[in-house]
Amino acid sequence: MREILSALDSIDLLLFATSRALCSPFAVFVQIQGYVICLLLAAGWAGAAYVRNREVRQMRKCMKDGNPFAFLSHDIHALEHLNQVNLPGVTVVMPLKGFGEHNLHNWRTQLTSLYGGPLEFLFIVDSTEDPAYHAVSRLLLDFKDDVNARIIVAGPSTTCSQKVHNQLIGVEKMHKDSKYVLFLDDDARLHPGSIGALTAEMIKNPEIFIQTGYPLDLPSGSLGSYCIYEYHMPCSMGFATGGRTFFLWGGCMMARNFISMHADDFRTDKHGIVTQLSDGGYSDDMTLAAIAGAHKRLITSPPVAVFPHPLASDLTFSRYWNYLRKQTFVLESYTSYVNWLMNRALFSVHCYLSWGFVFPYTMAMFHVAAAVRFHFKHNFAEEYILNPIGLKLVGGLFVVTTIELLSMWNLTRIEVRLCNMLSPEAPPLSLSAYNWCMVFVAMVVDNFLYPISAIRSHFSQSINWSGIRYHLRNGKIHKIDRTMEKGKKFSDLAAKRLYGRKAQSKISILGSLSRSLANWRQPKKYDV
């Protein structure tokens, strides 16, 4: 017993000494720096909430003024037949890999667009053995002649990532009269008016190079899903500008004939887009953003471009970790020396801010633990004296964290409301599904792990994503392994089945939903 008490006294001495050391001027600076990071995030989310809420108010005003279709267009006259028949053609290119629980619903929201102009959908897979091939084939049977959609087998990539390869093949196969092309990920859930809204912005401003949107993550309840939600939330500031942005999400990119190009422009490889993507390109969004920056081209994100992004119900922490690895691995790819410098700057700043955010919580744990031990301590020797500054710093951290979480909650609340207004036919999203204690834990965990992931990506220069391992050299893919690594039967983020010749889909239930949606939309097809 005496030995146990002696050990506890030694731990207490260390705990109190650490708490007092964490009240030094440098430690106070680190904690105040953490406060500033929290408040900057809160201010950024408040600004993003203002932009999104402005769109909500505008839609409500239009509905009050007699426009029940404000979710499609603020100007009801734009929905008249004369205006709709003159809309330009759009090709939607969707690179697919694997088949998961949310894919069928996501694809249906894309196919049931209420865009009034010529519209075609190209589903791109690498082979007929991909489960997505069979799932899409069965889905298109439900729509039959209601939509202009087809599946294209692109074959395996050899010089770039499979996604980029599929996108390039899709652009090659798009209809010759398409004026715009919209790239979508298979986890993008569209609103009925999304394609029309993006097209209207392109028509309004011919200077737009690329349009993009923001994925509103819907956590499934696991820590991994909340970490992904938290990881994406700071990016919402860059997308919620209501106009010009420097951010780009590859899940939703719209461009004129593949990045502000007509068909002839694509064949001439304007700005070297095709060359840079096909020659070792790993990330479509980072590559295109770099090209836009180099040539001073305009990237915009309309306020209505926010899309529900449901995360897999069985998204494990290990899958989240590999997703984070993929995100940091992107910074190792680059197209030029300037692009490399920008990526290094992002790498350094993000790592610094991530740990700058986490350190105050680590310090606060020592202050709180020392205060608890002090409360139960009967020996008030000098070495057990607390520095009152410690608990004041903890109190300050609690206040700024509360402000930050409230700001995040408010932005999410408004984005959920906006999504519900943009998709009045869909089951409403609910903020009650979010666990804010889990959000806080995810904030600390994600910011702690980001620098570790970034450092590992820097030294490994390889990543396994969707069953394919990519190796980088000098910022470009130089080697691709398709070995179906052990334990990689599913994709890391969406838990999609990657291999196999069959995919199960509930056609009887979902088919009825498809037909009901198809009845209130009449998409036009190209004249052949």
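Data overview
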{"item": "For Gly213, residues with placed amide H under 5 Å, excluding near neighbours", "result": "Trp249, Cys252"}
{"item": "Hz values of 3J(HN,Hα) by residue in the range 465-475 - Karplus curve (6.51, -1.76, 1.60), Gly and Pro given as x", "result": "9, 6, x, 10, 9, 10, 10, 9, 8, 6, x"}
{"item": "Gap separating the Cα centres of the range 92-118 and the range 278-315, nearest whole Å", "result": "18"}
{"item": "Euclidean distance between Cα centres, the range 320-369 to the range 30-91, Å", "result": "30"}
{"item": "Pairwise label distance in nanometres, Ser432 with Leu341, each label 7 Å out on the Cα-Cβ vector", "result": "5.4"}
{"item": "Computed log₁₀ I(q)/I(0) - Debye formula, equal Cα scatterers, no solvent, the range 39-184, q 0.11, 0.14, 0.19, 0.22 Å⁻¹", "result": "-0.60, -0.86, -1.09, -1.23"}
{"item": "For the range 48-118: rounded, prolate or oblate by the Cα gyration tensor [a/c cutoff 1.5]", "result": "oblate"}
{"item": "Accessible surface, 1.4 Å probe, highest first, among residues His232, His350, His81", "result": "His81, His350, His232"}
{"item": "In Hz, Karplus ³J(HN,Hα) per residue of the range 61-74 (6.51, -1.76, 1.60; θ = phi - 60°; x = Gly, Pro)", "result": "5, 4, 5, 5, 7, x, 10, x, 9, 5, 5, 9, 7, 5"}
{"item": "Mean Cβ neighbour count within 10 Å, used as a protection proxy, ranking 142-148, 405-411, 327-333 highest first", "result": "327-333, 405-411, 142-148"}
{"item": "Phi to ³J(HN,Hα) by Karplus 6.51 cos²θ - 1.76 cosθ + 1.60 over the range 433-450, Hz, x for Gly, Pro", "result": "6, 8, 9, 6, 5, 5, 4, 4, 4, 5, 4, 5, 5, 5, 5, 5, 7, 4"}
{"item": "Long-range HN-HN contacts of Ile124 with modeled amide H, under 5 Å", "result": "Met94, Leu96, Ile152"}
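The values are calculated or read from the model by the stated rules, or taken from the named source; none is laboratory data. All figures in this text were calculated on a predicted structure; none of them were measured in a lab. For neighbour counting, all protein chains shown are included, and Cβ atoms are generated from backbone atoms with ideal geometry for every residue, glycine included. The protein model used for the area step is the full one, side chains on, heavy atoms only, and it has no ligands, DNA or RNA in it. Shrake-Rupley method; radii C 1.70, N 1.55, O 1.52, S 1.80 Å.
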